[in-house]
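**Student:** Got a structure for you, questions after.
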Amino acid sequence: MRNRQATQLLSELSHAGRRGAELPPSDVPEWPLEDLLPSEAMAAAPPRLPELAEPDVVRHFVNLSTLNMSVDTHFYPLGSCTMKYNPKRHERLSRLPGIVDVHPHQTAGNIQGLLELLYEMQEMLAEISGLPAVSLQPAAGAHGELTALFVAAAYFRDKGESRTKVIFPASAHGTNPASAAMAGFDCVELKGRSDGFVDIEELKQHLDDKTAVFMVTNPNTLGLFEREIAEIAKVVHDVGGLVYIDGANMNAIMGITRPGDFGGDMMHYNVHKTFTGPHGAGGPGSGPICVRDFLADYLPAPIVRQRDTGSDEKRFELATPSKTIGRVRSFFGNVGILVRGYCYLRTLGAAGVREAAEQAILNANYLKALLADVLPSAHGEHCLHEFVASADGLAKERGITAMDIAKRLLDYGFHPPTVYFPLVVPHAMMFEPTETESKATLDAFSDAIHKIVTEDADLLHTAPHSTPVSRPEEVNATRKPVLTWAACNKE
Amino acid sequence: MSYLFTTSDEQQQMLGRIGVDSLATLLDQIPTQLQLDRPLRMPPALTELELERHLRELASRNVGAASRVCFMGGGAYDHYIPSVVDEVTGRGEFYTAYTPYQAEASQGTLQAFFEFQSLIAELSGLDIANASLYDGGSGVAEAVLMAMRCTGRTGRVVVAGSVNPEAVQSVTTYLADQPTEVLVLPTRHGKVGVAELESYIDETTACIVIQHPNFFGELEDVEQIAAVAHQQGALLIHSFDPISVGLLKRPGELGADIAVAEGQALGVPLQFGGPYLGILACKKELVRKMPGRLIGQTVDRNGQRCFFLNLQAREQHIRRAGAMSNICTNQGLLALRATVYLSLLGPQGLKEVAELSCRKAHYAADRLKQIEGCELLFTGPFFKEFVLKYEHGADSAIRKAAAAGVDIGPMLSRFPNLNWLPQEVRDQCLLVAVTESRTKDEIDRLVTALA
Ligand SMILES: Cc1ncc(COP(=O)(O)O)c(C=O)c1O
């Protein structure tokens, strides 16, 4: 049955005197609180939280959940995000006692099992990337970018070189320039070639002894492999710069080619994408970085090391790299997500990892072929794990935008692709079906798109028509933002 | 197994439709000389049954809080998590969704995060909270960068030595390549000396960062510190324990401009340090300088209330190099956990958790300091955590407690940047934290173990 529940806010559901949790009575001596805490520090009353009974809370959130589309319920071909199936075994295993309840300051001797898992994860990530030194600390892809740029900065500082520039193509994800700026670098954006690839001549014009890092996504955000990547890396290395590989698209190449083998010096993974995180409605992620051996000493602390015991007995310890940049967060990392990634890699094994990438490529090319007549892609005859089509033709002929198609897809029970990214394609629609979808799903999705493009333009401009809400008003809401329920009441 | 659902028949049909003979043709896009010419070196694939056996074996070699008595602190705490939190956030519609860019497909997430922002604004006593940052430590670093944007000052940042040392380290790392000087004010008496602070701050100082209750559990003189900051035109960043405001005044009431917190205590399991929940709230005039996502209320095409990602022009996907932060994926599911947790607790529940933790911590401190060789390092008022000085050494205290099935710590010697405390003191000292989950019997067990 379709959910038609009212969706009042928690504050509106609140009834004075209701409670959803009960605490046991105190079993220690009832010393007056005034003797424990200075009166000037004490609040007159606790914060005004809503007052709800347990069933109120459950029904509220379960009903809210039904207003979402998700991988568990819908095809979700959101480009660049790798919305693959999230295996349920990971949820159970990451909640095992001895994993879910381990305090982060627990001493190494008490967490040998966990350290072994994290060590093996470092090893597998190093092998898949072809880059030997790993930090599991960053919390997401963007955090990995930032961490690696701190590592690069520390490396150059240590060498006594003053390098101020980070270069990236216009097709780069927004986090690349944002991370570079945050790490204190000047940003240089390359236009790129009309076929979507990096223009080596253009790159060369910007390369000099001020160049710190060239950041590049490979396959790039058009889903195409930068065929000249080795040559690109060489020209960057020739001026003493480093090559950073944004690993958001590792799902296309894992087990087939490795960043370390095609010239990358540093990279991040998005464990929540490639290794089935899951995405959690916007996190948590995990963004481990892998770097070449000459950068290993700068990694954030701690990393997991295997100690030589001189026997078969394995011992693991937390170690601080000798020239560490310090840390980019509290505690070890997003371990809960790393455990899921570990489970995934152990389930697939070497052959499975490669198979997954191959099927992702097959699915993307199949969908690209199915849609080519209505949503052509300007770039590449074939693609890797995703492709960017353009609704520019439809926009010009019929006034139908990428957003219209995206919104209408919701009525057909599909999550839309990423739209208007990358910025280098007009009316971009970026499709990433992932390997865990069947041919039948891709066929049905293609049928829906083919139907949509023949539909009445007005119907599309006002779509979606079957979702809980349709087309939020953004202009006034941006001018006068209402960001809390307290602010709603003031309006 | 790689979760593939396509039969080889179907694969052939698909290749036919694409117009290639084999997958190899598609892989030709990758230059052959760059392709890996061997299988990856990875351990063999496991079935679900084997994987579970393997994970259980690994888990059995770890000491978890559930099988022990946990008095550990230092930024992560064994507060009780009601079952509703796991049940609700375990729904696939929440945890297998992406960031709510498509508002129509994400109203569940959007409304829950709007509620999260509202609850955090209330807890912090400030106007606006974002939809989460990575964690408490990186949150402090983000808050410092935000304060620099808000004040236009890049000369100096003053951080109290009583702030969580891992957060301090994050700030230092984030600012390593900026001209900004990071001054750490030693807090040898357990909290910030307000007079001394005045000598640390100048007219180029963007902010003062404090934690209250601080890393050592002690209370700071927040209002006086706020006055010092504001007199110089600097902002006060207050890192707080979201449980503490069940009893204590909120950052906004004490004069904070930006409040940050590690939200782990709000229904997030310990899981060896993450994923946790970064919280950031501020005064409303600072909102456009905030990092992270903000959910806003609006109306849809039919005039119905709904929610969407507002003020995106601050974010990396729009503003790129000029963004307020590079953050993209944040800690959504943990924000949801906190929202469910707080709606279960309500005002009375939060107060009781705070009160029980506080009372039990004081009982524990009182009993422990009567033991020969044990004393509290600091003597000021504290909330739920304190520094225990054990004359035979902190590691010996940890070992004795462990022998009785009790975990305490961390030792202060674990933190290299607490080096303003004498080495000898660091070697003897460790943190003890007490939450509502602990019983008097368990506290007595700890006392017996150390006696
Ligand atoms: C190409 C690319 N780079 C970087 C990122 C940032 O990753 P995260 O969201 O994990 O921070 C993304 C994710 O959206 C991406 O698609």
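The values are calculated or read from the model by the stated rules, or taken from the named source; none is laboratory data. It should be emphasised that the depicted structure is a prediction, and the values quoted were computed from it without experimental measurement. No Cβ is skipped: glycine too gets one built from the backbone with ideal geometry, and neighbour counts run over all protein chains shown. SASA here: full protein model, heavy atoms, side chains in, ligands and nucleic acids out. Shrake-Rupley method; radii C 1.70, N 1.55, O 1.52, S 1.80 Å.
**Student:** Run down B:GLN370, B:GLN423, B:GLN348 and say which single residue is closer than 30 Å to A:THR320 by Cα, open to solvent by 20 Å² or more (accessible area, probe 1.4 Å) and modelled with pLDDT of 95 or more. Talk me through it step by step, then tell me what you get.
**Tutor:** Values: B:GLN370 fails: closer than 30 Å to A:THR320 by Cα; B:GLN348 fails: closer than 30 Å to A:THR320 by Cα.
Selected residue: B:GLN423, the only one of B:GLN370, B:GLN423, B:GLN348 that is closer than 30 Å to A:THR320 by Cα, open to solvent by 20 Å² or more (accessible area, probe 1.4 Å) and modelled with pLDDT of 95 or more.
**Student:** Within 16 Å of the ligand (Cβ to nearest atom), of a type outside the set (Phe, Trp, Tyr), away from chain B (no Cβ under 14 Å) and not in a loop (DSSP other than H, G, I, E, B): does that describe A:MET267?
**Tutor:** On the way: within 16 Å of the ligand (Cβ to nearest atom): yes; of a type outside the set (Phe, Trp, Tyr): yes; away from chain B (no Cβ under 14 Å): yes; not in a loop (DSSP other than H, G, I, E, B): yes.
Taking the combined requirement at face value, the residue satisfies it.
**Student:** Checking B:GLN211 against (1) within 14 Å of chain A (Cβ to nearest Cβ); (2) farther than 21 Å from A:ALA45 by Cα; (3) out of contact with any Ser or Thr (no Cβ under 7 Å at 6 or more places or on another chain), which single condition isn't satisfied?
**Tutor:** (3)
**Student:** Can you tell me which residue within the stretch A:393-416, out of those that are of a type in the set (Asp, Glu) and modelled with pLDDT of 95 or more, is surrounded by the most Cβ atoms within 10 Å (Cβ to Cβ)? Give the derivation first.
**Tutor:** Step one: list which residues in the stretch A:393-416 are of a type in the set (Asp, Glu), which gives A:397, A:404, A:411.
Next cut, modelled with pLDDT of 95 or more only: A:404, A:411.
Numbers: A:ASP404: 25, A:ASP411: 19.
Among them, the one singled out is A:ASP404.
**Student:** Still on this structure: Name the single residue that is surrounded by the most Cβ atoms within 10 Å (Cβ to Cβ) among those in the stretch A:470-491 being more than 7 Å from chain B (Cβ to nearest Cβ) and not charged (D, E, K, R). Let's see the steps before the verdict.
**Tutor:** Here is the first cut: in the stretch A:470-491, the ones more than 7 Å from chain B (Cβ to nearest Cβ) are A:475-476, A:479-480, A:487, A:489-491.
Checking which are not charged (D, E, K, R) leaves us with A:475-476, A:487, A:489.
Working: A:VAL475: 7, A:ASN476: 10, A:ALA487: 19, A:ASN489: 9.
Checked the stretch A:470-491; the qualifying residue surrounded by the most Cβ atoms within 10 Å (Cβ to Cβ) is A:ALA487.
**Student:** On the given criteria, is A:ALA139 among the hydrophobic types (A, V, I, L, M, F, W, C) and within 24 Å of A:GLY184 (Cα to Cα)? Outline the logic, then answer.
**Tutor:** Working: among the hydrophobic types (A, V, I, L, M, F, W, C): yes; within 24 Å of A:GLY184 (Cα to Cα): yes.
Yes; evaluated as a whole, the condition is true for this residue.
**Student:** Identify, please: which residue in the stretch A:417-429 is buried (at least 24 other Cβ atoms within 10 Å of the Cβ) and within 18 Å of B:ALA97 (Cβ to Cβ) and is, among those, nearest to the other protein chains (Cβ to nearest Cβ)?
**Tutor:** A:THR418
**Student:** Give the residues of the stretch B:1-20 that are in a loop (DSSP other than H, G, I, E, B) and either of a type in the set (A, V, I, L, M) or modelled with pLDDT under 95 (or both), sorted by residue number. Quick ask: steps written out before the conclusion?
**Tutor:** If we filter the stretch B:1-20 for residues that are in a loop (DSSP other than H, G, I, E, B), which is where we start, we get B:1-7, B:19-20.
Once the filter is applied, which keeps residues that are in a loop (DSSP other than H, G, I, E, B) and either of a type in the set (A, V, I, L, M) or modelled with pLDDT under 95 (or both), the stretch B:1-20 yields B:MET1, B:SER2, B:TYR3, B:LEU4, B:PHE5, B:THR6, B:THR7, B:VAL20.
**Student:** Anything in the stretch A:184-197 that is open to solvent by less than 30 Å² (accessible area, probe 1.4 Å) and outside any loop (DSSP other than H, G, I, E, B)? List them, or say none. Spell out the reasoning first.
**Tutor:** Applying the first criterion (open to solvent by less than 30 Å² (accessible area, probe 1.4 Å)) to the stretch A:184-197 yields A:185, A:188, A:190, A:192, A:196.
Of everything in the stretch A:184-197, those that are open to solvent by less than 30 Å² (accessible area, probe 1.4 Å) and outside any loop (DSSP other than H, G, I, E, B) turn out to be A:VAL188, A:LEU190.
**Student:** For the stretch A:31-81, name all the residues that are of a type in the set (D, E, K, R) and closer than 26 Å to B:PHE116 by Cβ.
**Tutor:** Going through the stretch A:31-81, the residues of a type in the set (D, E, K, R) turn out to be A:34-35, A:40, A:48, A:51, A:54, A:56, A:59, A:72.
If the condition is that a residue be of a type in the set (D, E, K, R) and closer than 26 Å to B:PHE116 by Cβ, then A:ARG48, A:GLU51, A:GLU54, A:ASP56, A:ARG59, A:ASP72 are the ones that fit.
**Student:** Ok, one more. Which of the residues that make up the stretch B:373-394 are more than 26 Å from the chain's Cα centre (by Cα) and either surrounded by fewer than 19 Cβ atoms within 10 Å (Cβ to Cβ) or free of Cβ contacts under 8 Å to residues at least 60 places away in the same chain (or both)? Steps first, please.
**Tutor:** Step one: list which residues in the stretch B:373-394 are more than 26 Å from the chain's Cα centre (by Cα), which gives B:373-376, B:379, B:389-393.
Matches in the stretch B:373-394: B:GLY373, B:GLU375, B:LEU376, B:THR379, B:LYS389, B:GLU391, B:HIS392, B:GLY393.
**Student:** Just one of A:ALA181, A:ALA153, A:ALA142 is under 23 Å from the mean Cα position of the chain (by Cα) and either away from the ligand (no atom under 16 Å from the Cβ) or open to solvent by 20 Å² or more (accessible area, probe 1.4 Å) (or both); which is it?
**Tutor:** Details: A:ALA153 fails: under 23 Å from the mean Cα position of the chain (by Cα); A:ALA142 fails: either away from the ligand (no atom under 16 Å from the Cβ) or open to solvent by 20 Å² or more (accessible area, probe 1.4 Å) (or both).
Only one candidate passes the filter, namely A:ALA181.
**Student:** Right, next: Using the structure shown, decide if A:PRO288 is within 11 Å of another protein chain (Cβ to nearest Cβ) and more than 10 Å from the ligand (Cβ to nearest atom).
**Tutor:** no
**Student:** A:ARG307 fails exactly one of the following numbered conditions: (1) modelled with pLDDT of 95 or more; (2) in contact with a strand residue (DSSP E or B) (Cβ under 7 Å, 6 or more places away or on another chain); (3) more than 11 Å from chain B (Cβ to nearest Cβ); (4) away from the ligand (no atom under 15 Å from the Cβ). What is the number of that condition?
**Tutor:** With (1) modelled with pLDDT of 95 or more; (2) in contact with a strand residue (DSSP E or B) (Cβ under 7 Å, 6 or more places away or on another chain); (3) more than 11 Å from chain B (Cβ to nearest Cβ); (4) away from the ligand (no atom under 15 Å from the Cβ) applied to A:ARG307, the lone miss is (1).
**Student:** Let me ask something additional. Take the stretch A:202-224 and flag every residue that is open to solvent by less than 10 Å² (accessible area, probe 1.4 Å) and either outside the structural domain of A:ALA172 (by TED's automatic domain parsing) or more than 22 Å from A:ALA142 (Cα to Cα) (or both).
**Tutor:** Within the stretch A:202-224, just A:LEU203 meets the criteria.
**Student:** So which helices (runs of 4 or more DSSP H) are wholly in the stretch B:99-203 and hold at least 1 residues that are within 11 Å of chain A (Cβ to nearest Cβ)? Before the answer, list the steps.
**Tutor:** On the way: elements: B:107-124, B:136-151, B:165-174, B:194-200.
By residue number, B:107-124, B:136-151, B:165-174.
**Student:** Considering only the stretch B:25-68, how many residues are under 27 Å from A:SER94 (Cβ atoms) and in a loop (DSSP other than H, G, I, E, B)? Explain how you work it out, then say what you get.
**Tutor:** Taking the stretch B:25-68 first, the residues under 27 Å from A:SER94 (Cβ atoms) are B:40-68.
Among the residues that remain, those that are also in a loop (DSSP other than H, G, I, E, B) are: B:40-47, B:61, B:63-64, B:68.
Residues that pass the stated criteria total 12.
**Student:** In addition: From the residues in the stretch A:352-366 that are of a type in the set (S, T, N, Q) and out of contact with any strand residue (DSSP E or B) (no Cβ under 9 Å at 6 or more places or on another chain), which one is nearest to the other protein chains (Cβ to nearest Cβ)? Break it down into steps so the answer makes sense when it comes.
**Tutor:** Step one: of the stretch A:352-366, the residues of a type in the set (S, T, N, Q) are A:359, A:363, A:365.
Add one more test, that the residue is out of contact with any strand residue (DSSP E or B) (no Cβ under 9 Å at 6 or more places or on another chain), and what stays is A:359, A:363.
Working: A:GLN359: 5, A:ASN363: 8 Å.
Checking each candidate, the answer is A:GLN359.
**Student:** Something else about it: Which of the residues that make up the stretch A:120-139 are assigned to a loop (DSSP other than H, G, I, E, B) and either more than 7 Å from chain B (Cβ to nearest Cβ) or more than 13 Å from the ligand (Cβ to nearest atom) (or both)?
**Tutor:** The initial filter retains those residues of the stretch A:120-139 that are assigned to a loop (DSSP other than H, G, I, E, B), namely A:130-132, A:136-139.
Correct list: A:GLY130, A:LEU131, A:PRO132, A:LEU136, A:GLN137, A:PRO138.
**Student:** B:TYR174: open to solvent by less than 40 Å² (accessible area, probe 1.4 Å), of a type in the set (Phe, Trp, Tyr) and touching a Leu at 6+ places or on another chain (Cβ under 8 Å), yes or no?
**Tutor:** Working: open to solvent by less than 40 Å² (accessible area, probe 1.4 Å): yes; of a type in the set (Phe, Trp, Tyr): yes; touching a Leu at 6+ places or on another chain (Cβ under 8 Å): yes.
Judged against the criteria, B:TYR174 is a match.
**Student:** Pull out all pairs, ordered by first then second residue, where Cβ-Cβ is under 6 Å, the residues are six or more apart or on different chains, the first lies in the stretch A:140-152 and is more than 18 Å from B:LEU133 (Cβ to Cβ) and more than 7 Å from chain B (Cβ to nearest Cβ), and the second is open to solvent by 10 Å² or more (accessible area, probe 1.4 Å) and among the aromatic types (Phe, Trp, Tyr).
**Tutor:** A:VAL151/A:TYR298
**Student:** Go through (1) assigned to a loop (DSSP other than H, G, I, E, B); (2) more than 9 Å from chain B (Cβ to nearest Cβ) and name the single condition A:LEU460 misses.
**Tutor:** (1)
**Student:** Another question about this same structure. What are the residues in the stretch A:163-198 that are under 21 Å from A:GLY240 (Cβ atoms) and away from chain B (no Cβ under 14 Å), if any?
**Tutor:** Residue satisfying the conditions is A:VAL198 alone.
**Student:** Hey, another quick one. Which one of A:ARG258, A:ARG227 is open to solvent by 10 Å² or more (accessible area, probe 1.4 Å), touching a residue at least 40 places away in the same chain (Cβ under 8 Å), away from the ligand (no atom under 13 Å from the Cβ) and at the interface with chain B (Cβ under 10 Å from one of its Cβ atoms)?
**Tutor:** On the way: A:ARG227 fails: touching a residue at least 40 places away in the same chain (Cβ under 8 Å).
It is A:ARG258.
**Student:** In the list A:GLU435, A:GLU455, which residue meets the criterion of being at pLDDT 95 or above, acidic (Asp, Glu) and in contact with an Asp or Glu (Cβ under 9 Å, 6 or more places away or on another chain)? Spell out how you get there, then give the answer.
**Tutor:** Details: A:GLU455 fails: in contact with an Asp or Glu (Cβ under 9 Å, 6 or more places away or on another chain).
Within the list A:GLU435, A:GLU455, the selection yields A:GLU435.
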